Amino acid sequence: MNKCLTLSANPSSVCLKGKLLLGLLLVCVVLSRCTVQSIPKNKIRKMVESSAINRDHYTGFALYDPEQKKMIYEMNADRYFIPASNTKLYTLYTALQMLGDSIPGLRYVNKGDSLIFWGTGDPSFLHSTLKSTKAFELLKHSSKRLFYSPTNYKGDFYGANWPYDNYKYYFQAEINDMPVMDNVAVISADGKGGLQIWPAYFKVYLQQDTSFHPRSFEVERSLTENKFRYPAMPVPANFRQEIPWKTSPELTLALLQDTLKKPISLIRLNMPDSARTLYSASSDSVYKRMMLPSDNFIAEQLLLVCSSTLRGGALSTSAVIAHSIKNYMSDLPDVPQWVDGSGLSRQDLFTPRTTIALLTKISAKLGSEERMHNLFPTGGVSGTLKSAYKTDNGVPFVWGKTGSLSNNHNQSGYIVTRKGKKLLFSYMNNNYTRPTADIRGEMVRIMTQIHEQF
């Protein structure tokens with residue numbers, strides 16, 4: 001008979017040897033699992049804190065293990081940072097909560113022989129990339145008299161604290177209730193030594209100015225009106241420039257009439273609750289356009305679209321932000337200071353650990369890795385991370401949102417290690433004076449090390 005069994009036959013004796021062996025075996029198994037599943041905090045700390053670049057400005061870092069539901073490492077993770085375009089993560093989550101498969105593109109009522117319509121803020125209407133035409137088709141083929149009412153948006157054409165000196169750059173298009181064709185004029189060489197402008201409606205406002213003497217050929221728009229001037233210089237053969245136009249209900253009306261080739265009247269009528277909704281582009285196509293190239297125009301307009309679904313249908317950035325924080329983000333570690341959709345405002349302030357918590361919520365809401373990979377810039381493959389990272393033998397390992405303003409550069413997203421662990425990270429850099437390329441390079445170096453070593 002087995003010795004252990006012989007000993008155990010005596011009620012007062014215990015097979016200590018067998019129990020010790022079993023206990024040691026269990027400890028080994030547990031330690032083995034911990035070695036595979038856990039990432040040493042000290043190694044991450046050494047990577048981040050030994051960086052001379054990270055130490056010469058205000059740096060925040062958080063790395064989270066969603067499988068174990070614990071933070072691996074934090075540095076200034078509870079401090080507020082200017083997020084820049086990391087703000088679009090908050091806009092994305094709000095849209096995921098509030099919008100369905102398609103974007104509300106137009107609100108309208110039929111009243112006798114008239115069709116009265118209101119904008120929802122839909123950025124996809126005749127957009128240069130999204131090219132949504134559903135609202136266009138409704139208006140184009142309607143046999144009724146058309147009336148456009150701009151009464152449901154009373155906000156400003158810029159977000160809170162936006163810099164006015166960026167008015168002439170493509171990335172700061174104005175905000176309005178019914179954007180048309182990106183709210184941006186495209187001026188380019190016509191192949192005959194001259195210029196052409198799109199939409200063609202603005203052709204009469206594009207004029208040569210002999211008193212304009214820039215260092216190189218460019219077109220400039222007046223701050224307060226849609227007057228575009230260019231110098232008396234040869235037009236470069238490959239010249240192309242995008243300039244936001246100055247929005248107004250009257251201009252929207254004129255552009256609609258010019259595009260639809262039919263009369264439309266301006267009317268100021270409050271939108272009734274009974275107004276019908278016409279849906280336009282697929283939501284994911286709009287989200288992807290916002291996320292991959294970090295499109296500020298899409299982000300701002302998306303918040304207005306979300307607000308159009310609230311009771312009353314009024315378009316308001318501040319109202320939808322307050323609604324989202326109260327109803328969808330009340331469980332975040334630190335209350336976001338959030339004022340716009342794109343992150344152009346330096347009044348936006350988020351903490352790294354709150355962004356980590358938001359990424360967890362986004363992941364759960366998206367429901368699949370495939371959908372997340374489709375919507376997020378992919379390191380070495382697409383969007384704003386295409387040239388920042390290299391793939392690992394053709395396989396990408398980081399998906400995230402960048403955020404850049406002068407002296408600020410951030411990345412937040414998802415990373416997969418060589419051992420197959422999926423981690424969430426938020427890496428924020430504010431108030432540096434060195435070139436942004438240095439900051440970006442150091443972030444990529446550290447995140448790539450995390451991928452390779454764990």
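The values are calculated or read from the model by the stated rules, or taken from the named source; none is laboratory data. Everything quoted here is computed from the prediction, not taken from an experiment. Heads up, the Cβs are rebuilt from the backbone with ideal geometry, glycines too, and the neighbour counts pull from every protein chain shown. The area values use the complete protein model at the heavy-atom level, side chains included, leaving out ligands, DNA and RNA. Shrake-Rupley method; radii C 1.70, N 1.55, O 1.52, S 1.80 Å.
A dipole drawn for region 114-170 from +1 and -1 charges on Cβ atoms has a positive end, and of Leu130, Tyr158, Ser114 the residue lying farthest that way is Ser114. Entry note, region 152-278: relative contact order of 27 percent, from Cα contacts under 8 Å with a spacing of 6+ residues.
When the alpha carbon coordinates of region 65-110 are projected onto the principal axes, the ranges are 58, 28, 12 Å, largest first. Computed from Cα atoms, the angle from the helix 352-366 axis to the main principal axis of the chain rounds to 80 degrees.
Summing Cβ point charges (Lys, Arg +1; Asp, Glu -1) relative to the Cα centre of region 151-212 gives a dipole of roughly 160 debye. Protein heavy-atom surface of the chain, 1.4 angstrom probe: 53% of the accessible area is carbon and sulfur, with nucleic acids and ligands not counted. Angle of helix 249-260 to the longest C-alpha principal axis of the chain, folded into 0 to 90 degrees and rounded to 10: 80°. The residues of region 363-416 expose on average 41 square angstrom of accessible surface per residue, using a 1.4 Å probe on protein heavy atoms.
Can you give the longest run of the chain that contains no GluC sites (Glu not before Pro) sitting in a DSSP loop with at most 12 other Cβ atoms inside 10 Å?
The answer is 226-454.
Dipole magnitude for region 235-309: about 200 debye, using +1 per Lys or Arg Cβ and -1 per Asp or Glu Cβ, origin at the Cα centre. Let me check against my output: what whole-number percent is the relative contact order of the chain, with C-alpha pairs under 8 Å and at least 6 apart? Relative contact order, the chain: 22 percent.
Across region 76-84, rounded Karplus estimates of 3J(HN,Hα) from the backbone phi angles (6.51 cos²θ - 1.76 cosθ + 1.60, θ = phi - 60°) give 6, 6, 9, 9, 7, 10, 6, x, 6 Hz, Gly and Pro being marked x. When both region 162-194 and region 94-152 are represented by their alpha-carbon centers, they are found 22 Å apart. Cα centroids of region 203-234 and region 391-454: 41 Å apart.
Centre-to-centre separation between the Cα atoms of region 269-289 and those of region 367-388: 26 Å.
Loop-resident trypsin sites (Lys or Arg not before Pro) (DSSP state other than H, G, I, E or B) in region 46-83 with no more than 14 further Cβ atoms inside 10 Å of their Cβ: Lys69. Annotation: amide H-H contacts under 5 Å for Lys227 (H modelled 1.01 Å from N, sequence separation of 5 or more, or interchain): Ser222. Rolling a 1.4 Å probe over the protein heavy atoms gives region 98-212 an accessible area of 45 Å² per residue.
For the chain, the fraction of alpha-carbon pairs lying more than 31 Å apart is 51 percent, rounded to a whole number.
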